[in-house]
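A.B. asks: Dropping the structure in here first, questions after.
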Amino acid sequence: MTIIQSNSLSSNLTPYGGDLKDLLARDAIIKQQLATEAKQLPYIVLSDRQLCDIEMIINGGFSPLEGFMTQEEYNGVVENMRLPNGSLWPIPIYLDIDDSSVTSPNDPSEHTPVSGVLPGTRIALLDKNSPDSSKAVAIITVEDTYSTDFTNEALKVYGSDDDLHPAVFYLFNSTKKTNVGGKIQAIKNVYHDDFTSLRKTPAETRQFFASKDWERIVAFQTRNPMHRAHLELTMRAAKKTDSRVFIHPVVGLTKPGDIDYVTRVKVYQILIKHFPENTAYLSLLPLAMRMGGPKEAVLHAIIRRNYGATLFIVGRDHAGPGKDKAGNLFYGPYEAQEVTLKHQEELGIEIVPFSNLSYIPEIDAYEEVDKIPVGTKTLDISGTELRNRLKTGEDIPNWFSFTDVVQVLRDAYAN
């Protein structure tokens, strides 16, 4: 594991771009006015991905974004990984619509066609999951509408038009052909009825770190259950960088086929108790992952800086979607590390690369694979093998995971 030594970045807790764009706090004073207005406006019922994106926009996780990208912003990001002001931004965040998306507030059967969505139009954005009579979470003021080239986006952003890539598949099969760009005013947060105490906003995680006087915080991204190797890895990273650990798993959209987030959160709640007292913190991230490899790793680093982390762990094949139709990995195993390290200074967060850990039975310990002498006996359990053992009831050894973690996973597979 290559650890970046302490430098001028280590005490930098400012959000990306300088200011936390917490739209919920900014617009709180006019919240009721906006809610009343929203009832009279045409509306869009947001998709699952759009709900994840708008939550990240209005809570400041996507700072410096204050809305869905305009054509100028979209083009800059897709072609050059840059916002119009020159800031690095790797993946476009947009609101896609079609002729049936914008609905009349007076008659749900009436829709404004894309051609009628003009600059200056105000549209309420609805959370379909909200139990409230008013489901509007925000209002967008339209700046422009524009069509996009899906193939160009796939190739420029994800490096492939192979639909085995989840983001490419989503792009060609679920994305509507026109985007609406414009800034947002926030009314309320996206609704969740589970793990509410763990769903901290960037302002809340920053407040927690400040209350504990934590100055160096190393963030760990995951979309999988955590086991002993993950505990060892994060504790090593913390020790070598003199940091506290920020466990920040994604509970928005992840790769199709992943273990459901409810089961994973139960695992994280167990794992966090195995850290020494006052050394680790758990919060959930409502991100819709694109599985975009190196560019997604850049986005993850930006997000963690916004949440108050000063260091970010980037792993082997970070946010990688697996293999393409030719049987090759979409991204090189260390490409995400190389790209994030290249942009480290601009990102304003220290990158902590790591290699996978393997268990060495002779010494009953984990070690980084690139530090294990050739010929040393090691043990590993792949994700596929773990799933098979959970399905069949085959033993899962203590060196791999904790008994209570295994039980949570077995219960999930039994159901």
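Just so you know, all these numbers are worked out from the coordinates, no wet-lab data involved. All values reported here derive from a predicted model rather than from experimental measurement. Here Cβ is always computed from backbone atoms with ideal geometry, including for glycine, and neighbour counts include all displayed protein chains.
A.B. asks: Quick check on the exposure proxy: order 170, 359, 158 from fewest to most C-beta atoms within 10 angstrom.
C.D. replies: 170, 359, 158
A.B. asks: Among the listed pairs 156/177; 200/295; 295/323; 39/188, give every one whose C-alpha distance is greater than 19 Å.
C.D. replies: 200/295
A.B. asks: Next question, about the same structure. Where both residues lie in region 23-186, what percent of DSSP beta bridges are antiparallel, nearest 5?
C.D. replies: Rounded to the nearest five, the antiparallel share is 90 percent.
A.B. asks: Any idea what % of Cα-Cα pairs in region 23-186 are farther than 30 Å?
C.D. replies: More than 30 Å apart: 15 percent of the Cα pairs in region 23-186.
A.B. asks: Something else now. Please report the net charge: other residues with Cβ closer than 10 Å to the Cβ of residue 15, K and R +1, D and E -1.
C.D. replies: Summing Lys/Arg as +1 and Asp/Glu as -1 gives +1.
A.B. asks: Along the positive direction of the dipole of the chain (beta-carbon charges: Lys, Arg +1; Asp, Glu -1; about the Cα centre), which of 408, 312, 88 reaches farthest?
C.D. replies: Of 408, 312, 88, it is 408.
A.B. asks: Quick one: what does P(r) look like for the chain with 10 Å bins over all Cα pairs, in whole %?
C.D. replies: Bin by bin from 0 Å, the calculated values are 4, 21, 31, 26, 13, 4, 1, 0.
A.B. asks: A further question on this structure: Which aspartates and glutamates, on any chain, are close to residue 371 with Cα under 19 Å apart, when same-chain ones fewer than 8 places away are left out?
C.D. replies: Of all the aspartates and glutamates, those that pass the test against residue 371 - Cα under 19 Å, at least 8 places apart if same chain - are 232, 317, 362, 380.
A.B. asks: Now for a different question. Can you tell me which of 32, 71, 337 moves the most in a GNM of the chain? Springs connect C-alpha atoms under 10 Å apart.
C.D. replies: Of the options given, 32 has the highest mean-square fluctuation.
A.B. asks: Do the sum for the chain: with -39,500 (n - 2.57) for every DSSP H run of n ≥ 4, divided by all residues, what is the mean residue ellipticity at 222 nm, to the nearest 500 deg cm²/dmol?
C.D. replies: Computed mean residue ellipticity for the chain: -9000 deg cm²/dmol.
A.B. asks: Restricting things to alpha carbons, tell me how big region 165-231 is in terms of Rg and Dmax, in Å.
C.D. replies: In order Rg, Dmax, the Cα atoms of region 165-231 give 18.1, 48 Å.
A.B. asks: Which three lengths, in whole Å and largest first, does region 263-363 cover when its Cα atoms are put on their principal axes?
C.D. replies: That gives 44, 39, 29 Å along the principal axes, largest extent first.
A.B. asks: Rounded to the nearest 5, what % of DSSP beta bridges with both residues in the chain are antiparallel?
C.D. replies: 65 percent
A.B. asks: Something else now. Please report, in debye to the nearest 20, how large the charge dipole of the chain is about its Cα centre when each Lys and Arg carries +1 at its beta carbon and each Asp and Glu carries -1 there.
C.D. replies: Charge dipole of the chain: 760 debye, to the nearest 20.
A.B. asks: Please report, for the Cα atoms of region 59-124, the Rg to one decimal and the Dmax as a whole number; what are they, in angstrom?
C.D. replies: Radius of gyration, then largest Cα-Cα span, for region 59-124: 14.7, 43 Å.
A.B. asks: Which value, in Å to one decimal place, does the Kirkwood hydrodynamic radius take for region 304-415 when every pair of different Cα atoms is included?
C.D. replies: 17.0 Å
A.B. asks: Using the count of nearby Cβ atoms within 10 Å as a rough guide to exposure, how do 355, 134 rank from fewest to most?
C.D. replies: Ranking 355, 134 by Cβ neighbours within 10 Å, fewest first, gives 134, 355.
A.B. asks: Hey, another quick one. Return 91, 351 ranked ascending by Cβ neighbour count within 10 Å, so the fewest neighbours appear first.
C.D. replies: In order of increasing Cβ crowding within 10 Å: 91, 351.
A.B. asks: Please list, in order along region 343-351, the HN-Hα scalar couplings obtained from phi with the Karplus expression 6.51 cos²θ - 1.76 cosθ + 1.60 (θ = phi - 60°), rounded to whole Hz, x for Gly and Pro.
C.D. replies: Working through the residues one at a time gives 9, 4, 4, 6, 5, x, 9, 6, 8 Hz.
A.B. asks: Test of understanding: express the Cα radius of gyration of region 196-414 as a ratio to 2.2 N^0.38 Å, with N the residue count.
C.D. replies: It is 1.00.
A.B. asks: What length, rounded to one decimal in nm, is gained on full extension from residue 208 through to residue 368, with 0.36 nm per residue of separation minus their alpha-carbon distance?
C.D. replies: 54.4 nm
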